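All remarks here apply to the structure that follows.
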């Protein structure tokens, strides 16, 4: 039903610099699509343009193959959940949920039927007579979702809906929203600045920065093969470890942050240009404890240790950078202690230091294969 | 050494000390609080509380022309008021005047505020114009309307004449005088009321309207179901303040009609003024002032009791 196409969409205020720049994108029916980016990246603006709350400065917006640029929001057949939920404080939960249906003069029986259906689905039957101020954050969120459910619109837009909730509730509502979306078969466009939300909820993610699309793809693709340094450091928690790297004069070592000497393995390093400024990146789970194997060991000074119970996060000082390692289990390490760390060259991501673009991603398939043998 | 029951002893002395420190701290914060209140206390005492008590005191006396008390009369001043046809008429006039003035002011201001809240080019100009009467003094506005109401040269009658209607003696015809003064007052009050209502409109969260847009609500549905209920605290404030202000109207009466014709526009405050500074009956005037004070107090209390619970605060 609902397939959304953005063709060369751009947005500028008062003919100034573009806030969004030639966005091309298509979203499939029934897809959970996440727009993620730091604040000011233009993701909310893009969502509001799809909703019809902001004017589109350039390009075309198509829903189901029809150009929607100049249609008012009510004719786009969509629903939207706002960051502050936009509940009417003077109306009860029931009146809030039915607000739109009443405005469109939908049959009373049909209204009641949809209300009961939504209330049951969201477990808010007991709250229908209350005012929004008598509800907790999570309950308000459910009421806002209730409006989406009763609207029966095939497309749902959400603008940072979980950012006002505490961490535990957020994790819970993530699951609920995702289940609701699958159950109703909604096409969802979901805006967030939280990369964990993006990774856990999205079928596909679009990373936006400074009004430019950085990368569109499945969560794991973005994690494993980020197209540039921005995506690499935006996706993943803790942040990917990055350092400047050069080859030694004789070409036998890769020197990271003037400290780490990584022996050059021709099979790994064959496509890496020798004459350019490089940045290498490595995920924190790939800075492994150097106990079992003897090769590729390096000694780094631990400057901070965080015990999380199921895992231990250790910060090392490396030149001007702080690298973080995440080791499963509980490790007893003292501050300032030199710890042996195994850095396998195949786990390194290589970026062009000037453009920030990816040269080579980590060889994960190979290593996972080796483990499962 | 007496260390056998050390805990009991120290506990008692400790509690005693804690009590003393607590009392000292309370005293300190009380003194500090009074220090902050002192400027208002002095100002209010000199300009509000002292005159108020003096008025109540005077209302039980007869006075000479200088305002000094001569004979204690008890409730006689009050008793005389309630059989005085002129005073009773002025009370009636005042209520009628409030009724003519407050509802039109609020309705016109609301319409202007809703229009001025739209995002249009040059809306700042209209906002300034709509609120500009706030900056016009009562005297200037009254003189301006005096010219408009002039029976022969006034613009209003010129308009009536050109459209073939009879000229109206705006300020001297008993049928029209109170309405004419009300029109002047509405015009003068619109600026303030408009500004407060516009502020109220702008503090309504825009996402409420956006959400309603997406759900397909029409303009008047939004106005009725979102704007009006969300404005209710502002309405309450504006109506309460307007009623109090209207009860105290004086300047435009003095300039436009001097209470005439035949006491047709004689409002309570004007009646007080005449009693005190034309007839030099300070005692009777004070009694009228006290009655006015009680009337306003009752009206405001009634409003809070009846209306405020229906007001929705965010």
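Quick rundown of the values:
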{"quantity": "Residue within the range A:209-229 that is in the same structural domain as residue A:28 (by TED's automatic domain parsing) and under 20 Å from residue A:122 (Cβ atoms) present", "calculated": "no"}
{"quantity": "Residues located in the range B:150-165, provided they are surrounded by fewer than 18 Cβ atoms within 10 Å (Cβ to Cβ) and not in a loop (DSSP other than H, G, I, E, B)", "calculated": "B:155, B:158, B:159, B:160, B:161, B:162"}
{"quantity": "Residue identified as at pLDDT 90 or above and loosely packed, with under 15 Cβ neighbours inside 10 Å among B:91, B:71, B:83", "calculated": "B:83"}
{"quantity": "Some residue of the range B:166-178 being surrounded by fewer than 20 Cβ atoms within 10 Å (Cβ to Cβ), within 14 Å of chain A (Cβ to nearest Cβ), in contact (Cβ under 8 Å) with a residue 12 or more places away in the chain and not in a helix (DSSP H, G or I)", "calculated": "no"}
{"quantity": "Scope the range A:131-153; condition part of a loop (DSSP other than H, G, I, E, B) and in contact with a strand residue (DSSP E or B) (Cβ under 6 Å, 6 or more places away or on another chain); matching residues", "calculated": "A:153"}
{"quantity": "Check on residue A:254, assigned by TED's automatic domain parsing to the domain that holds residue A:344 and in contact with a helix residue (DSSP H, G or I) (Cβ under 9 Å, 6 or more places away or on another chain)", "calculated": "yes"}
{"quantity": "Which listed residue is farther than 25 Å from residue A:164 by Cα and under 15 Å from the mean Cα position of the chain (by Cα), from A:220, A:189, A:255, A:235", "calculated": "A:220"}
{"quantity": "Condition check for residue A:349: under 17 Å from residue A:233 (Cα atoms), surrounded by fewer than 17 Cβ atoms within 10 Å (Cβ to Cβ) and modelled with pLDDT of 90 or more", "calculated": "no"}
{"quantity": "Single residue of A:268, A:303, A:280 found to be modelled with pLDDT of 90 or more and under 16 Å from residue A:363 (Cβ atoms)", "calculated": "A:280"}
{"quantity": "Residue within the range A:80-93 that is closer than 22 Å to residue B:227 by Cα and away from chain B (no Cβ under 14 Å) present", "calculated": "yes"}
{"quantity": "The range B:116-134 - residue that is under 27 Å from the mean Cα position of the chain (by Cα) and closer than 12 Å to residue B:201 by Cβ and, of those, surrounded by the most Cβ atoms within 10 Å (Cβ to Cβ)", "calculated": "B:116"}
{"quantity": "Residue count for the range B:217-226, restricted to those that are surrounded by 19 or more Cβ atoms within 10 Å (Cβ to Cβ) and either farther than 27 Å from residue A:77 by Cα or at pLDDT 90 or above (or both)", "calculated": "2"}
{"quantity": "Unique residue being modelled with pLDDT under 90, touching a helix residue (DSSP H, G or I) at 6+ places or on another chain (Cβ under 6 Å) and more than 14 Å from every other protein chain (Cβ to nearest Cβ) when the list is B:303, B:258", "calculated": "B:303"}
{"quantity": "Helices (runs of 4 or more DSSP H) contained entirely in the range B:63-149, each with at least 3 residues that are farther than 28 Å from residue B:258 by Cβ", "calculated": "B:85-116, B:123-131"}
{"quantity": "In the range A:94-116, the residues that are more than 10 Å from chain B (Cβ to nearest Cβ) and within 31 Å of the chain's Cα centre (by Cα)", "calculated": "A:97"}
{"quantity": "Residue within the range B:269-280 that is farther than 30 Å from residue B:149 by Cβ and within 14 Å of chain A (Cβ to nearest Cβ) present", "calculated": "no"}
{"quantity": "Out of B:28, B:54, sole residue that is part of a helix (DSSP H, G or I), under 25 Å from the mean Cα position of the chain (by Cα) and either closer than 19 Å to residue B:276 by Cα or not assigned by TED's automatic domain parsing to the domain that holds residue B:295 (or both)", "calculated": "B:54"}
{"quantity": "Answer residue from the range A:70-90, given it is within 13 Å of residue A:144 (Cβ to Cβ) and in contact with a strand residue (DSSP E or B) (Cβ under 6 Å, 6 or more places away or on another chain) and is surrounded by the fewest Cβ atoms within 10 Å (Cβ to Cβ) among those", "calculated": "A:83"}
{"quantity": "Residue ID - farthest from residue A:45 (Cα to Cα), chosen from residues in the range B:217-255 that are more than 10 Å from chain A (Cβ to nearest Cβ) and part of a loop (DSSP other than H, G, I, E, B)", "calculated": "B:250"}
{"quantity": "Matching residues in the range B:197-216 - criterion: being in contact (Cβ under 8 Å) with a residue 12 or more places away in the chain and within 11 Å of another protein chain (Cβ to nearest Cβ)", "calculated": "B:204, B:208, B:209, B:212"}
{"quantity": "Residues of the range A:292-313 that turn out to be at negative phi, surrounded by 10 or more Cβ atoms within 10 Å (Cβ to Cβ) and in contact (Cβ under 8 Å) with a residue 12 or more places away in the chain, as a count", "calculated": "14"}
{"quantity": "So residue A:121, is it away from chain B (no Cβ under 14 Å) and either at pLDDT below 90 or within 24 Å of residue A:27 (Cα to Cα) (or both)", "calculated": "yes"}
{"quantity": "Test: residue in the range B:195-216 that is touching a strand residue (DSSP E or B) at 6+ places or on another chain (Cβ under 8 Å), crowded, with 17+ Cβ neighbours inside 10 Å and not in a helix (DSSP H, G or I)", "calculated": "yes"}
{"quantity": "Output for the range A:181-192, where each listed residue is in contact with a helix residue (DSSP H, G or I) (Cβ under 9 Å, 6 or more places away or on another chain) and surrounded by fewer than 19 Cβ atoms within 10 Å (Cβ to Cβ)", "calculated": "A:183, A:184"}
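So that you can scan it fast, the table gives a plain yes or no per residue for (1) assigned by TED's automatic domain parsing to the domain that holds residue A:197; (2) exposed (fewer than 14 other Cβ atoms within 10 Å of the Cβ); (3) within 21 Å of residue A:235 (Cβ to Cβ); (4) touching a residue at least 40 places away in the same chain (Cβ under 8 Å):
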{"position": "A:33", "(1), (2), (3), (4)": "yes, no, yes, yes"}
{"position": "A:41", "(1), (2), (3), (4)": "yes, no, yes, yes"}
{"position": "A:61", "(1), (2), (3), (4)": "yes, no, no, yes"}
{"position": "A:68", "(1), (2), (3), (4)": "yes, no, no, no"}
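Yes/no per residue for (1) modelled with pLDDT under 90; (2) surrounded by 15 or more Cβ atoms within 10 Å (Cβ to Cβ):
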{"site": "A:92", "(1), (2)": "no, yes"}
{"site": "A:103", "(1), (2)": "yes, yes"}
{"site": "A:112", "(1), (2)": "no, no"}
{"site": "A:131", "(1), (2)": "no, yes"}
{"site": "A:134", "(1), (2)": "no, no"}
{"site": "A:146", "(1), (2)": "no, yes"}
{"site": "A:161", "(1), (2)": "no, yes"}
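The values are calculated or read from the model by the stated rules, or taken from the named source; none is laboratory data. Keep in mind it's a predicted model, so treat the numbers as computed, not measured. For neighbour counting, all protein chains shown are included, and Cβ atoms are generated from backbone atoms with ideal geometry for every residue, glycine included.
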